[in-house]
1. Which of the residues spanning the stretch 79-94 are under 15 Å from Leu45 (Cβ atoms) and either modelled with pLDDT under 80 or in a strand (DSSP E or B) (or both)?
2. Gln98 passes all but one of (1) in a loop (DSSP other than H, G, I, E, B); (2) under 17 Å from Gly11 (Cα atoms); which number fails?
3. Does Asp56 satisfy the criteria of being farther than 22 Å from Asp86 by Cβ and either modelled with pLDDT under 85 or of a type outside the set (A, V, I, L, M, F, W, C) (or both)?
4. Any idea how many residues of the stretch 37-56 are acidic (Asp, Glu) and part of a helix (DSSP H, G or I)?
Amino acid sequence: MEERQTVVLYGNSLFVTGMETSLRGERGLDVVRIDATLPSAAQCLDALRPDVVIFDLTAPNSPSSNLHSPSSILQEYPGLPLIGLDPNSDTVVVFSSQQHTVLTTNDLAQVIQRIRS
């Protein structure tokens, strides 16, 4: 039996729409697009429990929209891979969320050293 992964395309840009069409043709992927400007976007993410979230790095993020920023998604869903695509430069940025408790600058220095090693 083929292992399937749930991929959420987060946003409503033309690029995200095109990416949805392309990824639907890939085996092993269940692709769902969520309009990040809808009030129910967070509930959709909660219900889907995706394996990865992909978004357009160049999409406008107006203060009046309900779009969750990448940092808020990383905080709300630790461990969830978040991939930002930049169609202007053909760049992919993979964000990771590792949460650590730091009480002192020494604690922070230890986290930095672990990340770099």
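1. Leu82, Ile83
2. Condition (2) is where Gln98 drops out.
3. When the stated conditions are applied, Asp56 does not pass them.
4. Qualifying residue count for the region: 1.
So that you can scan it fast, the table gives a plain yes or no per residue for (1) in contact with a strand residue (DSSP E or B) (Cβ under 6 Å, 6 or more places away or on another chain); (2) more than 19 Å from Val94 (Cβ to Cβ); (3) surrounded by 15 or more Cβ atoms within 10 Å (Cβ to Cβ):
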residue	(1), (2), (3)
Leu9	yes, no, yes
Leu14	no, yes, no
Thr21	no, yes, no
Arg27	no, yes, no
Asp30	yes, yes, no
Leu38	no, yes, no
Gln43	no, yes, no
Asp46	no, yes, no
Pro50	yes, no, yes
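The values are calculated or read from the model by the stated rules, or taken from the named source; none is laboratory data. Owing to the predicted nature of the structure, the values given are computational and were not obtained by experimental measurement. Neighbour counts run over all protein chains shown; Cβ positions are idealised from the backbone, glycine included.
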